[in-house]
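Have a look at the structure below before the remarks.
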Amino acid sequence: MRHINVTIFAILLPALAFAHAGGHDIKGTIVKIEKDLLVIKKVDGASQTIPLSQSTTYRVGDAAGKWQDMRAGSRVVVHIGHDGRAIEVHLPARK
């Protein structure tokens, strides 16, 4: 049984390690939205400009979203790839 657990762990480890393409997350509030970038006021108070791309995906709560769902003042979590561009933008669920 131990060998099975080790094998499963070895198979799943790379998937977990690359879940966000090795990037990081930025949490904060949307300050500015343009066609190809977001400006976020991070939770530490600093602002950061994040490039968007054609492949950036959007989530609103648990549902698929789109670029047009973003609003200045909305809380957001942005998953950033190694290239510094947004992989995925998570917005809160609609009320």
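Points worth noting:
- Gly73 of a type in the set (Gly, Ala, Ser), assigned to a strand (DSSP E or B) and at pLDDT 95 or above: no
- Pick from the range 29-41, criterion among the basic types (Lys, Arg) and modelled with pLDDT of 95 or more, ranking: surrounded by the fewest Cβ atoms within 10 Å (Cβ to Cβ): Lys32
- Within the range 81-94, not a single residue is at pLDDT 95 or above, in contact with a Gly (Cβ under 7 Å, 6 or more places away or on another chain) and not hydrophobic (A, V, I, L, M, F, W, C).
- Selection over the range 43-60 of residues that are under 12 Å from Ile26 (Cα atoms), in contact (Cβ under 8 Å) with a residue 12 or more places away in the chain and loosely packed, with under 14 Cβ neighbours inside 10 Å gives a count of 3.
- Residues of the range 72-93 satisfying the condition of being under 15 Å from Lys27 (Cα atoms) and among the charged types (D, E, K, R): Arg75, Arg85, Glu88
- Just so you know, in the range 61-95 the residues that are under 16 Å from Gly23 (Cα atoms) and among the charged types (D, E, K, R) include one that is farthest from the chain's Cα centre (by Cα), and it is Asp83.
The values are calculated or read from the model by the stated rules, or taken from the named source; none is laboratory data. Remember, it's a predicted structure, so these values are computed and weren't measured experimentally. Note that each Cβ is placed from the backbone with ideal geometry, even for glycine, and that neighbours are counted across all protein chains shown.
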